[in-house]
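What follows draws every value from the coordinates through simple rules; no lab data is involved. As the structure is a prediction and not an experimental result, all values here were calculated from the model. Don't worry about glycine lacking a Cβ; one is built from the backbone with ideal geometry, like all the others, and counts go over all protein chains shown.
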Amino acid sequence: MDNPKIVKILKFYAEKCKGCLECEKACSKVHFKTDEGGDKSAIHIHEGKSYEIQVCNQCGLCIDMCPVGALARRKNGIVTLDKNTCIGCQACVGFCPIDAMAKSDARIEPFKCISCGACVRACPEKALELIEVKIDDIKEIVYHKQGA
């Protein structure tokens, strides 16, 4: 298997975000063929002092947590979930160090950002961008935040 070094992830520009949630609606179209957003979106915008984003950073730490091997890193670096293998145990949801593995009552399998860019194209404020980063740099940041 290839060992990718680079992956595309979402970069969020909070200063541009107006909270319209068009990104969440676009994401739910990808995952559930609906524009409901909310729990059917793998991207979440939260309003606080400024807007914040909650989305998978493709670190891949969830891969080893899956007891049936339903999570894997593709050749393009993106971590994906095989719905045919997943048993819906939610171990990845509970384990995700940044709470980015999503769960919806609409189906048993969790889901996550696949860096498809639908949210980027949907954002009228251009507050999202797909950028390339080194996978090792992502892991280093996540491990640091976890105190490892």
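Please provide three numbers in whole Å: the alpha-carbon extents of the stretch 58-148 along the principal axes, with the largest listed first.
Rounded to whole Å, the extents work out to 38, 35, 24 Å.
Quote the relative contact order of the chain in percent (integer), defining contacts as alpha-carbon pairs under 8 Å separated by 6+ residues. Write down the numbers at each step before the final one.
On the way: 274 pairs, mean separation 47.9, N = 148.
Reported relative contact order: 32 percent.
Among 32-42, 113-123, what's the highest-first ranking by average C-beta atoms within 10 angstrom per residue?
Averaged packing, sorted descending, gives the order 113-123, 32-42.
Can you list the lysines whose alpha carbon is less than 18 Å from that of residue 29, not counting same-chain residues fewer than 8 positions off?
Reachable lysines: 40, 83, 103, 112.
For every other residue with a beta carbon closer than 12 angstrom to the beta carbon of residue 46, add +1 if it is Lys or Arg and -1 if Asp or Glu, then tell me the sum.
Details: positive: 49; negative: 24, 47, 52, 99.
Overall, the nearby charge balance is -3.
Please say if the stretch 5-134 is rounded, prolate or oblate, where rounded means a/c under 1.5 for a ≥ b ≥ c the square roots of the C-alpha gyration tensor eigenvalues, and otherwise the choice is prolate for a/b larger than b/c and oblate otherwise?
Here the stretch 5-134 falls in the prolate category.
Summing -39500 (n - 2.57) over the DSSP H runs of n ≥ 4 in the chain and dividing by its residue number, what mean residue ellipticity at 222 nm do you reach, to the nearest 500 deg cm²/dmol?
Values: 4 runs with 32 residues, N = 148.
It lands at -6000 deg cm²/dmol.
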